[in-house]
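The values are calculated or read from the model by the stated rules, or taken from the named source; none is laboratory data. Everything numeric in this text was worked out from a predicted model, so none of it was measured. Reconstructed Cβ throughout: ideal geometry from the backbone, glycine too, with neighbour counts over all protein chains shown.
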Amino acid sequence: MSANKVSACPLRAHIDPRLARFIWPRVQAPRALEDARPARFAQVIGFVFTALALVFFIVDFDLAGYCLTALAFGAAALNAGTGLCLGCKVYRLIGRPKSAERS
């Protein structure tokens, strides 16, 4: 085999040199990062809903399984379509009483 390695992505060999030369020097570090805790909380809620739906399907309680699946899918579709994260909103609503008690 030659000295040039074949990349897993055929386009990578053509994109990397251009990115390194023209794009990366112009990209600056972010001034502020968004808190990741609300998004992680939303992912956990989605996992819990789908795991409970699976359990309900296994024990042959299909109506509850379909309802939980529909809730999880609806929240994910709303987030994908509009950017409105319901789990993030719930996280902030739960977090407000704690911050109010401290002050």
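Couple of notes before you dig in:
- Residue under evaluation T50, criteria (1) surrounded by 12 or more Cβ atoms within 10 Å (Cβ to Cβ); (2) polar (S, T, N, Q); (3) at pLDDT below 70, criterion not met: (3)
- A80 meets all of the listed conditions (1) closer than 28 Å to G95 by Cβ; (2) surrounded by 12 or more Cβ atoms within 10 Å (Cβ to Cβ) but one, namely (2).
- Cβ separations smaller than 8 Å between residues 6+ apart or across chains give the following pairs from the range 20-49 residues that are closer than 17 Å to L93 by Cα to residues that are of a type in the set (K, R): P38/R92.
- Within the range 26-47, tally of residues that are aliphatic (A, V, I, L, M) and exposed (fewer than 11 other Cβ atoms within 10 Å of the Cβ): 5
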